[in-house]
Amino acid sequence: MIQIAISYSPSVKTAVYQSETEEERLQLEKKFWTNHISLFGNYAAGSQGVYIAGVNESTVNTLSNGYRYGLSVNLPLYEFISRSNRIKLSQSEIKTFESKAEEIKLTVEQLVIRNYFALVVAQKVMIDQHNYLEQANNSTQLADRKLRDNQISFTEYTRISELQSIASQKYFESYGEFMVAFYNLESLLGTKLYELKL
């Protein structure tokens, strides 16, 4: 049940996704230096000319036809100085979210244990209260007959009826506590308890 709850927990999933996000951010950070490198290329054909300002119109600087390509590199000093710090920062963020995920898993485990035993106790209390209610119902039926036969006083009959009423109230309270514990555990697991093969 603990493994089911951990697999289902939205909080655990969020922490895991955050950790994965930071892992991707780290990979991007390691490749960020490529942002300062660019490649270019072009191909030109036909009559091409560039007029040089301030010169006769007849003076023309003609460009040759063909391919042009090149590489442009511009690496700021910041990239070299801060790269290791930025990588360490990203690695620290990953560890933070990994630790957070483990912390949440531990919390989920504790919740499953607490809710499971709350359910077990609530079931036992409900069964005991049900048995007590049955006994109280039997006592009330017997008191009805005895009252009709004048074998007990009305005061004694009233006392037995009150005990039956108290037993009924306690049973329904215990039933409510059992159902709350039951659905709390189902909510935590994200699945129906009857579907589990324990």
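Odds and ends about this structure:
- Segment residue 141-residue 8, length gained on full extension (0.36 nm per residue, minus Cα span): 42.9 nm
- Take the Cβ atoms of residue 27 and residue 103, set R0 to 30 Å, and the FRET efficiency comes out at 0.75.
- HN-Hα J in Hz across segment 160-171 - Karplus 6.51, -1.76, 1.60, θ = phi - 60°, x for Gly and Pro: 5, 5, 5, 5, 5, 5, 5, 5, 5, 4, 5, 5
- Nearby lysines by direct alpha-carbon distance to residue 124 (threshold 16 angstrom, same-chain neighbours under 8 apart not counted): 170
- Near the amide H of residue 152, within less than 5 Å, lie the amide hydrogens of 147, all on another chain or at least 5 residues away, with H placed in the peptide plane.
- Accessible solvent surface per residue of segment 72-168, calculated while the other protein chains remain in place, 1.4 angstrom probe, Å²: 71
- Multiplying the residue separation of residue 173 and residue 159 by 0.36 nm and removing their Cα-Cα distance gives an extension gain of 2.9 nm.
The values are calculated or read from the model by the stated rules, or taken from the named source; none is laboratory data. From a predicted model like this one, the values you see are computed outputs, not experimental measurements. Here the Cβ is made from the backbone with ideal geometry for all residues, glycine too, and neighbour counts use every protein chain on show. Heads up: the accessible areas ignore ligands, DNA and RNA and are worked out on the full protein's heavy atoms, side chains in. Shrake-Rupley method; radii C 1.70, N 1.55, O 1.52, S 1.80 Å.
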